[in-house]
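Input: a single structure, listed below in structure tokens.
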Amino acid sequence: MKIVNYIHTRNLRGDFFGGLTAAIVGLPMALAFGVASGAGPIAGIYSAVLLGFFAALFGGTPTLISNPTGPMTVVFTAVIATFTAKYPDGEGLAIAFTVVMMAGLFQILFGLLRLGKYVTLMPYTVISGFMSGIGVIMIMLQLPPLLGQEGVGGVLATVQALPELISQASLDELGLGLFTLAILFLTPSKIARVCPPQLLALLIGTGVSASLLSGLRIVGEIPAGLPTLYFPTISTPDLQMMVIDAVMLGMLGSIDSLLTSVISDSITQYEHDSNKELMGQGVGNILSGFCGGLPGAGATMGTVVNIQAGGRTALSGMIHAVTLLVFVFAAASFTEIVPLTVLGAIALKVGIDIVDWSFLKRAHHVSLKAAAIMYGVVLLTVFVDLIVAVGVGVFVANVLTIQRLSDVQAKNIKAITNAEEAELLEHEEQLLLEKVQGQVLLLHLGASLSFGAAKAISQRHSLIGDYQVLILDFRDVPMLGVTATLAMEKMVNDALKRGLEVYVVGSSGKVESRLEKFNILSRVPDQHQTATLRDALQQVVDRMADAPMASTV
């Protein structure tokens, strides 16, 4: 696998305009996320520059645009708040950026372990729930700046302080924030195709503030030039917390990026390389953290805009990053007068867009269990912890899925004792079974048997005491799990101890190998291991016909 994307110039014009358009869309978002995180607007810009460039260079999705994103910003805001409160002398910020670097290392590890195709294998109810929860958190955290007030902490603190925030609201800043939201929501599609609503809101909101209003809280000076470097800073007492936060950021960034890669594939008909993309995202996040940038991921809006404007290769992502870098050196002074309420409104709109309104409205019609999982994950995400929310959601969803699969597998395990129950068998097999009914227990096994089938096998186990012959029919079993095999082993051992004759029918491939490893086949005579059920039943019929002769000898 090549490490660096090949840079093609055959689509230079399309890539140039794609990258330029993505940069225009990404600029206000980067500023808004930087301010929202508490690290400052420049942190958002450096993330878009470094992550955007190196994820494009090393990643596996040519059209992917990587930027700070809402979900990553929400999690990182909590990381910054935690460590800066504990270490207010600057060490806390260094530890927070070290967590970003560690998250990048985990993403590279995910890619090296080729986990890309598994990262997004998460129930949609859980993904929808935690994304909606993150959207709610972002909305709540933007209410103070929208009201012209300083942030007061997390969601609970904001909810508790809301009456006071409203009573002390700055009417000028609230009015400008609502005006910005109106631009974001109401910009006609014809205008939006020419100028993204986010940029339009940033320009108009800043213009209104500069010309008509005074005394509003603004971004302030943004340092131009090279970034401040943050070398890895490990706090030994907080190492466990750092690792947990880094894993969460790494996982969230991986899911966010790969879901965007899938969207890119659906538009361009290009199949991305998941593992390569994870490594590219990891490299970008490491460098972003090292230079004091936010963590980020593949951004859906920037990616779609890039493709629509003509971007087709990794060059578009690098042009997007270089354009933002030029802005840092040449036009950083423009952002000094941007009102914080305008950026708060832009970030609040992102939060609204993150919430999965479509599924929220119809989840209870689709499935009450699915709705319960999703709403539970939303509440846990907002009021407890994102890691707890995802862990509990995945656990509950998987338990319910296992239960459903177990029920399906149990229905495919048929205990057949006479011809009247043998509708699954061929006519000749039914005739043979009729000749020996009352003496043969035929266990017909259908589909793959995982640990969910073990209970059903154990339930059939109790029947063997009433019969002389046990036939295990594996013809329709492509896969046999360890737990199911253990239940089968126990059944065979018990049958042999009771003196039953045991036949194994149709075992082959992986199923035969599994039975051999558990020494089940070694306990069954070779002549009792048949390819067809007819052969096994015929042996039983012949043996029972010969039994009286044997007894008289």
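The values are calculated or read from the model by the stated rules, or taken from the named source; none is laboratory data. Remember, predicted model here, so these are calculated numbers, not experimental data. Note that we place each Cβ from the backbone using ideal geometry, even for glycine, and neighbour counts take in every protein chain shown. Heads up: the accessible areas ignore ligands, DNA and RNA and are worked out on the full protein's heavy atoms, side chains in. Shrake-Rupley method; radii C 1.70, N 1.55, O 1.52, S 1.80 Å.
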Practice prompt. Would you calculate the volume per residue, in Å³, of the smallest convex hull containing every Cα atom of region 109-234?
Written response: 249 Å³
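When only Cα pairs under 8 Å and 6 or more residues apart are kept, what is the percent relative contact order across the chain?
Working: 1015 pairs, mean separation 131.1, N = 553.
The normalised contact order for the chain reaches 24 percent.
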Fill in: Label-point gap, in nm, between Asp476 and Lys411 - each point 7 angstrom along Cα→Cβ
1.2 nm
Item to complete: State the antiparallel share, in %, of DSSP beta bridges confined to the chain, rounding to the nearest 5.
Response: 35 percent
Worksheet entry | region 319-349 and region 479-553: distance between their alpha carbon centers, rounded to Å | 74 Å
Item to complete: Any chance you could run the full-extension gain for Ser235 through Leu368? It's 0.36 nm times the residue separation minus the Cα-Cα distance, nm to one decimal.
Response: 43.4 nm
Response to the item:
Between Arg543 and Thr401, the FRET efficiency computed from the C-beta separation at R0 = 41 Å comes out, to the nearest 0.05, as 0.40
Worksheet item: How much length is gained on full extension from His427 to Leu178, taking 0.36 nm per residue of separation minus their Cα-Cα distance?
Response: 82.0 nm
Practice prompt. Can you give me the P(r) profile for region 1-154? Cα pairs, bins 5 angstrom wide beginning at 0, each as a whole percent.
Written response: 2, 8, 13, 18, 19, 17, 13, 7, 3, 1, 0
Worksheet, complete the sentence: Checking rank on 313-319, 346-352, with mean other Cβ inside 10 Å and highest first, the result is 313-319, 346-352
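Which value in deg cm²/dmol, rounded to the nearest 500, describes the helix-derived mean residue ellipticity at 222 nm for the chain, given -39,500 (n - 2.57) per DSSP H run of n ≥ 4 and division by the residue count? Working shown, then result.
Working: 24 runs with 362 residues, N = 553.
That calculation yields -21500 deg cm²/dmol at 222 nm.
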Worksheet entry | Rg/Rh (Cα only; Kirkwood hydrodynamic radius) as it applies to the chain | 1.17
Worksheet item: What share of all Cα pairs of region 289-394, in percent, falls into each consecutive 10 Å distance bin?
Response: 11, 24, 33, 22, 9, 1
Discussion item. Quick check: Cα centre of region 165-229 to Cα centre of region 362-437, how many Å?
Written reply: 51 Å
Worksheet, complete the sentence: Debye calc, one equal point scatterer per Cα of region 260-313, no solvent, log10 I(q)/I(0) at q = 0.13, 0.22, 0.29, 0.31 1/Å comes to -0.37, -0.90, -1.13, -1.18
Worksheet item: How large is the accessible surface per residue of region 44-83, computed with a 1.4 Å probe and reported in Å² as a whole number?
Response: 15 Å²
Discussion item. Run the simple label-point estimate for Arg217 and Asp535 please: 7 Å along Cα→C-beta, distance reported in nm.
Written reply: 8.1 nm
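Using DSSP to define loop residues, name the trypsin sites (Lys or Arg not before Pro) in region 435-531 whose beta-carbon has at most 14 other beta-carbon atoms within 10 Å.
Taking region 435-531 and a limit of 14 other Cβ atoms within 10 Å, the loop trypsin sites (Lys or Arg not before Pro) found are Arg498.
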Worksheet item: By a straight-distance test (C-alpha under 23 Å), which lysines pair with Lys361 as possible cross-link partners, with residues fewer than eight away in the same chain excluded?
Response: Lys349, Lys369
Worksheet entry | Under 24 Å from Lys517, Cα to Cα: lysines that are on another chain or at least 8 residues apart | Lys455, Lys490, Lys497
Item to complete: Report, ordered by chain and residue number, the aspartates and glutamates lying within cross-link reach of Lys435, taken as a straight Cα distance under 19 Å and ignoring same-chain residues fewer than 8 apart.
Response: Glu420, Glu421, Glu423, Glu426, Asp466, Asp473, Glu501, Asp535, Asp542, Asp546
Worksheet item: So, in nm, how far is label Lys190 from label Leu156 when the simple model puts each one 7 Å beyond its Cα toward the Cβ?
Response: 5.2 nm
